[in-house]
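Each reported figure results from applying straightforward, stated rules to the coordinates on display, with no laboratory input. All of these numbers come straight from a predicted model, not from anything done at the bench. Using ideal geometry, Cβ is built from the backbone for each residue, glycine included, and neighbour counts are taken over all protein chains shown.
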2 protein chains.
Amino acid sequence: MKKVGVALLGLGTVGGGTYRILTEMREKIKATDGVDIEIIHILERNQDRIKELGVDPSIVSTDIKNVLEDPRISIVAEFFGGIEPARSFLIQSLKAGKSIVTANKEMFSKHWSEFECAAKEGKAGIYFEATCVGGVPIIRTLTASMQGNIIQSIQGIVNGTTNYILTKMADEGKSYDSVLKEAQQLGYAEANPSADVDGFDSMYKLSILSTLCFNKKVPLNKIYREGITGIDKIDIENGKKFGYTLKLLAIGKLNDGKIEARVHPAFIADENPLASVKGSFNAVLINGDNVGDIMLYGRGAGDLPTGSAIVSDIVYCARQETHKLSSFDNRPEAVSDEDFENDFECEYYVRMNVMDKPGVLAKIAASFGKYDVSINSVEQIASKGSANIIFMIHMTQESYINKAIKDIKSLPEVLAVNSMIRVI
Amino acid sequence: MKKVGVALLGLGTVGGGTYRILTEMREKIKATDGVDIEIIHILERNQDRIKELGVDPSIVSTDIKNVLEDPRISIVAEFFGGIEPARSFLIQSLKAGKSIVTANKEMFSKHWSEFECAAKEGKAGIYFEATCVGGVPIIRTLTASMQGNIIQSIQGIVNGTTNYILTKMADEGKSYDSVLKEAQQLGYAEANPSADVDGFDSMYKLSILSTLCFNKKVPLNKIYREGITGIDKIDIENGKKFGYTLKLLAIGKLNDGKIEARVHPAFIADENPLASVKGSFNAVLINGDNVGDIMLYGRGAGDLPTGSAIVSDIVYCARQETHKLSSFDNRPEAVSDEDFENDFECEYYVRMNVMDKPGVLAKIAASFGKYDVSINSVEQIASKGSANIIFMIHMTQESYINKAIKDIKSLPEVLAVNSMIRVI
C-alpha cells in the first residue's frame, strides 16, 4: 500500500480537528482509498494543546526544518492563519517538492500566484478545498466536475457569521447591534468582527472561486465590497413584504466576456434556493451553460467540517501521481483592467424619508428619470410631518442610480436617503 | 498534450448532448485540463439523427468491433439505455482495457459487480457520475470529497418527474391523475410512467448512492420501495397544516451498523432543506460524522445536464493514470442479510374515516396501544355520518404500526384507513 507522510503546521481549531480525523480514520482511509496516511511531524508550541489532543510529543517541534528536511513527508497542511510565517513555510515546502493543503483563504487569495510558481518548481500540488465553504466540496466541483461547462455565474452565501446575523434579524426582528453582541457572546463572531461583517472574508473566497469559475485571475482589488454593518431591520421587514430575503452575497458573473465580481448585501427572491439558507449555513449556486443551476450547501466553518475538507484534500492529493495546476496566467501582472466590468447592472430597493408635501414625489421621479433610472413601484408610508417612501427600481447601471441618488439627496424636501439595497 | 480517444455508443438525447458538448468544448478542455479529447467512433443506426447533429458519417457505424479493435479509443461512453446490448458492449470494452462512462442507472445498479471484475481484468476505470442526479456531482463528492467522514445517512429527491408531480399537486391543489396527464403532455413523464412514479428509478439510484456511502454493496432487493400513485391531494393539504411537505424520498441510513435503504413518499419538515426543492429539481442531503449536513442540488435529467456529467467523467477519466475501483466486496454473493435493517423506525401520519359515534376513538387508541404505538396528536373533522381522523404517531417500528393498522382495519366502526405516510 502507498504510504504518505503528512506534516501539520499548527494544532489550533482546524489543525486539531484534522489531527483527530486523520488519526481516527487512518484504517478506514487505508481500506477505502488504498493509501496509508501517517502524521510524521507537527509544528506547535502550545504544550497544553499537545496534551489535550493526546499527541505523541516526540513528533512535535517548533522548527520548520524538521518538516522541510524529512523525506518521508510529502504533504504539508497549514493551520497557522495569518500571512507569515504560513506563506514562507508553504513556499519552501513546495520548492522542496512537498504538496501543500491549506484553509487559509486570506493568504491563499493574496499569494496564489507565488504558490503556483513554487509548485511548478518543486513538481508539487496545491490543494485548497478548505479555503471556501468548509466541508462543502465546491473547489473539487469547480476543478473536477464542471469541465463540460462555461460557467456563467456564481452566487454564494460564503460567510456563516453574517448569515447567522441576518437570519436572526429576519426571524426575530432584532437590530444588527443586538444580534452581533449575541453572536459574539456565543463565539459565532469575533471580538473584532470586521473580517466577517465588512465582507473581507467573503471577498477572499470570491476571489478564489471566481478565478476557478472563469479561469482567469480575479484579484481582490477587482472585487467590489460592501458589508452588513449598515443594515436596518426595517429594510429586512420591508423586503419580506415584497417576497425578498436579505443575504450577504458573493457574486461572480460573466458579462459579455467581462468578469463582474462583488460582495454586498442583496435582496433575493424567496424562490431562489439561496433564500432558504439559514443561520450559519453556507451555500453556493453555480450556473453552467450546460448543467444549468447547481447548488452546494453545508457548514462553512468549524473544526470538523473544515477538517473534513482538509482530510479530503490530503487523501485526494495522496492518490495523485501528477498534480493539476491552474492553466490560466496566475501572475498579478497578467491582470488586465479590460477583463473586468466595474459598472454592474442591478435592480434596486431605495428607502428615503421626505417632507410630506405636494410635489416631492414628482421632483424625485424627475431626478431618477434624468439618469434613465426607471421606477418599478413606489410605496409611501406617511409618518409625523414626513413620509417614508420605498422605490423599487428596474434594472439599471450602478453609476446611473448613484448619480440620481446624489441629485435626490440635494433636494431640500428629501430629509434622508436611508438605504439602497441591490435586488438580485 | 495527452490525446484521448473516445467512442460514443448511441446518439439519443444524452448521447447527442454529449456529442455537442465534447465538440464545442474541445479547445476549452485542452486549455483548462490539458487533454485533447477526440471522438474517434460512434455507434448509431439512425441516419436522420446523424445528419441532425452534423456528425461526420465516416466515424459512424453499427459494429461494436470498430470500437473494441481501435487502439486509439481508450474511453467508451454508452447511451443505449436498457440492459442489452449495453451491458455486453461495456464488459467487452473494459476487458479490452477501455474505461467506461455511463448514465444507465438500471443496468449499472444491476451489473456493477460484473463491471468491476472486467475493469480489474482490463486495468480500466468505471465512471458513472451521470447515473445519479444528472449534472450534480454527487458521485465525485462521495468518492473524492468525503474521505474524512463515516457517512451516517443520505436522503435524496432523485427523480425529477415525481418531484414535478408532487410540487404541482401541492402548489396548485390538483389531483395526482390530472397532474400526471399534464406531465405526460409536456414530455416530463413517459407514456408508461411506472419507472418514475412507482419508485424504480429512485431505487436504482439509491442502490448506487448508498453502496458508495456505506462502502458495502446495497442490492436492489434490499431496498424497500413504494411509489406516489396512491397519494391523495388531501394528505398534501393536511401535511401543510402541520408544517410538512410531501416528497418522494430515497433514504439510506446507518442504524447500529446495519444499513437501512428505502424509497417512499414522506412528509418532511419545512425546515429541512429538501422541503424547498421544487419542480423537476433534484437534491441529495448527506450527513457525515465530521462534515455534518451537506446538500447538492440541481437538475437530475435532460440532455445537457446529463451530458455535462458524462463529459466531466470523460475528462476526469482521461486525466487519471490509474483508476480507483471500489474497495468493498462487490460480488452479489457477498451480500449478507445481517448487514441490513428491514424493520425501520419512523414517525407516521395516518388518516382514517370512521363512524361518528361514541367510543370509536377509544377502540382505535387501544389498538395502537396494544402494539406500543404511541399517539402524538389527533385531529378529528366530522363529516356527514362519519368522521375523518388524522393521527400523528410518535417514532415507532414499521412492523408495530402495520400490526396496529391491521387490527384497526378490522374494527367495524372503521370505514377506511385512507393513508399512512411516513414523517422524516
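Tabulated data
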{"quantity": "In nm, spacing of pseudo-spin labels at residue A:232 and residue B:242 (7 Å Cα→C-beta vector)", "calculated": "4.4"}
{"quantity": "For segment B:165-262: rounded, prolate or oblate by the Cα gyration tensor [a/c cutoff 1.5]", "calculated": "oblate"}
{"quantity": "For segment A:1-87, the fraction of alpha-carbon pairs in successive 10 Å shells from zero, as %", "calculated": "17, 50, 29, 4"}
{"quantity": "For chain B, built as a Gaussian network whose Cα springs stay under 10 Å, the top-fluctuating residue of B:13, B:211, B:102", "calculated": "B:13"}
{"quantity": "Chain B: antiparallel DSSP beta bridges as a percent of all, rounded to 5", "calculated": "70"}
{"quantity": "At 1.567 mPa s and 4 °C, Stokes D of chain A from Kirkwood alpha-carbon radius, µm² per second", "calculated": "56"}
{"quantity": "Inter-chain Cβ neighbour average for residues A:15-21, partner chain, 10 Å", "calculated": "2"}
{"quantity": "Convex hull projection area averaged over all views, the protein assembly as shown, Cα basis, nm²", "calculated": "41.1"}
{"quantity": "Hull-based mean projected area of segment B:216-348, where the convex hull spans the alpha carbons, in square nanometres", "calculated": "11.2"}
{"quantity": "GNM flexibility winner over chain A from A:325, A:180, A:220 (Cα, springs under 10 Å)", "calculated": "A:325"}
{"quantity": "Extension gain (nm, one decimal) between residue A:397 and residue A:194, 0.36 nm per residue minus Cα-Cα", "calculated": "70.2 nm"}
{"quantity": "Using θ = phi - 60° and Karplus 6.51 cos²θ - 1.76 cosθ + 1.60, couplings along segment B:34-46 (whole Hz; Gly, Pro as x)", "calculated": "x, 10, 9, 9, 10, 7, 8, 8, 9, 9, 6, 9, 7"}
{"quantity": "Using a 7 Å Cα-to-Cβ projection, residue B:61 label spacings across copies, nm, ascending", "calculated": "6.4"}
{"quantity": "Considering only the protein assembly as shown, percent of DSSP beta bridges that pair antiparallel, nearest 5", "calculated": "70"}
{"quantity": "Those GluC sites (Glu not before Pro) in segment A:64-165 that DSSP places in a loop and that have at most 12 other beta carbons within 10 Å", "calculated": "A:69"}
{"quantity": "Rounded if a/c under 1.5, otherwise prolate or oblate - segment A:285-424, Cα gyration tensor axes", "calculated": "prolate"}
{"quantity": "For segment B:345-423, alpha-carbon Rg and Dmax in angstrom", "calculated": "11.5, 35"}
{"quantity": "Protection-proxy order for peptides A:372-382, B:155-165, each taking the mean of Cβ atoms within 10 Å per residue, highest first", "calculated": "B:155-165, A:372-382"}
{"quantity": "For a label point 7 Å along the Cα-to-beta-carbon line of residue A:2, residues of segment A:72-101 with backbone N under 19 Å", "calculated": "A:72-77, A:94, A:97-101"}
{"quantity": "Computed [θ] at 222 nm, helices only, for chain B once each DSSP H run of length n ≥ 4 contributes -39500 (n - 2.57)", "calculated": "-11000 deg cm²/dmol"}
{"quantity": "Fully extended contour minus Cα-Cα distance, from residue B:418 to residue B:334, at 0.36 nm per residue", "calculated": "26.2 nm"}
{"quantity": "Residue among B:181, B:384, B:409 with the largest mean-square fluctuation in a Gaussian network model of chain B, springs linking Cα atoms under 10 Å", "calculated": "B:384"}
{"quantity": "Test item: A:149-156 mean partner chain Cβ contacts at 10 Å", "calculated": "2"}
{"quantity": "Calculated label separations, residue A:226, copies of the chain, 7 Å along the beta-carbon direction, nm", "calculated": "5.1"}
{"quantity": "Shielding by partners - mean other protein chain Cβ count within 10 Å, residues of A:311-319", "calculated": "4"}
{"quantity": "Percentage, to the nearest whole number, of Cα pairs in segment A:110-149 over 10 Å apart", "calculated": "74"}
{"quantity": "Virtual spin-label span in nm between residue A:95 and residue A:258, 7 Å along Cα→Cβ", "calculated": "4.0"}
{"quantity": "Spin-label pair residue A:383/residue A:224, simplified geometry with 7 Å Cα→Cβ offset, distance in nm", "calculated": "2.8"}
{"quantity": "Taking N as its residue count, the alpha carbon Rg of segment B:51-163 over 2.2 N^0.38 Å", "calculated": "1.22"}
{"quantity": "Counted charge near residue B:413, where neighbours are those whose Cβ lies closer than 10 Å (Asp, Glu -1; Lys, Arg +1)", "calculated": "+1"}
{"quantity": "Three-way shape label, segment A:307-346, alpha-carbon gyration tensor, a/c 1.5", "calculated": "oblate"}
{"quantity": "Other-copy label distances relative to residue B:190, 7 angstrom Cα-Cβ extension, nm", "calculated": "5.5"}
